[in-house]
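Student: Below are the structure tokens for one structure; questions will follow.
The values are calculated or read from the model by the stated rules, or taken from the named source; none is laboratory data. Keep in mind it's a predicted model, so treat the numbers as computed, not measured. Ideal geometry is used to build each Cβ from the backbone, glycine not excepted, and the neighbour counts take in all protein chains shown. Surface areas here come from the heavy atoms of the whole protein model, side chains and all, with no ligands, DNA or RNA. Shrake-Rupley method; radii C 1.70, N 1.55, O 1.52, S 1.80 Å.
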Amino acid sequence: MIVDASGTNANYEEKMIEENNIGVLLPMKKSSINGALQYSYNISRKENLEDFLESHDLTLELFRRIVLNLSIAYSELGKYLINEKHIWLSKESIYFEKAAETFKLSLCYYPQDMGSVQEQFRQIMDFVIKLVPSSNKEFAAMLCTAYDIAQKEDYTLGEILDCLQDMGDEDVEAPIVQHINLRDEGGPKKADIIADDRLYEDMEDYYIQDYSSERELASGNRLFNQVQQFFKGVLSRKIEFKDDIEYESEDFVIDPDYEYEDRTVLLSETKPAGKLVYDGLNQEDDFLVTKDVFRIGKSKNCDAILHAPTVSGNHAKITRDGDDYYLTDLNSTNATYVNEQILTYRKPVKLNISDKIRFANVAYTFF
């Protein structure tokens, strides 16, 4: 990962990082190319927070571990007098080692004022709360409480952890969720996060549960009236049976001078079906992209599970947008190719019919 370093002011911090092996930071180098300063971060065999949560089920335990690792990382950085505002905390810049059960968290040092821990983690909460599984009411309630804490100016990661721990140990009744207006913050270095109002509408369906008997009775009466009106409308209509309909016949004249000409359809106008057809001789399967985000790799959490040892656990993903499909490499070890062109990490490429795709050395044709 390469980031522009112009306008940064590291002072003693770069030297401190160079002389000490700070395990919670991504390995980095500062270089100058054509007079432009840049930081190069080694993200080999790592995936950022967005990809990590996309490939793992978001659970209370997983979220606790992420917050706990963040808290430990900041404590470690404090020993080296690293300014917390020089840590870039976002879904694009927090990285995890690719592993099945365990993970190691790495942060991104960037010597520019990126905001306080509170400001940046609040953006993380804006992102995470949209991923909460609505079927898990207890977890959703805990996450909403943690979100409320994150709206305070002077909260700490310790408070978030205490909140999750306390609520996880008690039998907590899920509260009514109110609509939350997320602030649209961000800058040239950080992606804007937009709230999806439909999430809160769905969550309200799960949490509003305490109705009085009068409200239930009123609701039942309204339902009965609606059904009654429906059947009245149906019975008031004139029903015509097949045998009662009179058809008027017309003479059918064929004009021998008129020729029908079918329009030839160009292959480029045909929309892809989203099918991956295996081109090799090994025991890999064909796959049909049935989800808006379709993950490919060796991991059992992937939608298309490949078996070749050269394929990474979370190798790539296909994103469906209407009738269009886009392929993105997920920082795989042995790369992803479209028509023998190597894909750049996290830069989606639009797929066309008959494109040749390789996940490492596993070949497919896209239709």
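Student: Please work out how much length the chain gains when fully extended from K79 to T365, using 0.36 nm per residue of separation minus the C-alpha to C-alpha distance, in nm with one decimal.
Tutor: Between K79 and T365, full extension yields an extra 97.7 nm.
Student: Let me ask you something else. Which far-off residues, 5 or more places away or on another chain, put their amide H under 5 Å from the one on V293, with H placed in the peptide plane?
Tutor: Amide H to amide H, under 5 Å and 5 or more residues apart or across chains, V293 pairs with R320.
Student: So for the pair L161, E19, with labels modelled 7 Å out along Cα→Cβ, what separation do we get in nm?
Tutor: Computed distance between label sites L161 and E19 equals 3.0 nm.
Student: Sorted by mean Cβ packing within 10 Å, highest first, what order do the peptides 283-294, 141-152 take?
Tutor: Top of the packing list down: 141-152, 283-294.
Student: Pulled fully out, how much extra length does the chain show between T59 and I305, if you take 0.36 nm times their separation in residues and subtract their Cα-Cα distance?
Tutor: 86.3 nm
Student: Also: For region 96-155, which GluC sites (Glu not before Pro) pass both filters: DSSP loop (anything but H, G, I, E, B) and at most 12 other C-beta atoms within 10 Å?
Tutor: Qualifying residues, ordered by number: E101, E153.
Student: Return the long-range amide H neighbours of S93 (sequence gap of 5 or more, or a different chain), with a cut-off of under 5 Å between placed amide H atoms.
Tutor: Sorted by chain and number, the residues that satisfy this are L49.
Student: Semi-axes of the equivalent ellipsoid of region 4-58: what are they in whole Å, largest first, if each equals the square root of 5 times a C-alpha gyration tensor eigenvalue?
Tutor: Each semi-axis is the square root of five times an eigenvalue, giving 27, 16, 10 Å.
Student: Write down the Kirkwood hydrodynamic radius of region 1-139, to one decimal in angstroms, obtained as one divided by the mean of 1/r over all alpha carbon pairs.
Tutor: Hydrodynamic radius (Kirkwood, Cα only) of region 1-139 equals 16.0 Å.
Student: Compute the Cα gyration tensor for region 35-110, then decide on rounded, prolate or oblate, letting a ≥ b ≥ c be the square roots of its eigenvalues: rounded whenever a/c is under 1.5, prolate when a/b is larger than b/c in the other cases, and oblate in all that remain.
Tutor: The shape class here is oblate.
Student: Sticking with this structure for a sec: Going from most exposed to least, what order do T319, T344 have by accessible area with a 1.4 Å probe?
Tutor: Ranked list, largest accessible area first: T344, T319.
Student: Measuring from the lowest to the highest alpha carbon on each principal axis, how far does region 103-157 reach, largest first, in angstroms?
Tutor: 41, 29, 16
Student: Would you pull out the residues with amide H under 5 Å of L37's amide H, same chain only if 5 or more places away, H placed 1.01 Å from N?
Tutor: Counting only residues 5 or more places away or on other chains, the set is A5, S6.
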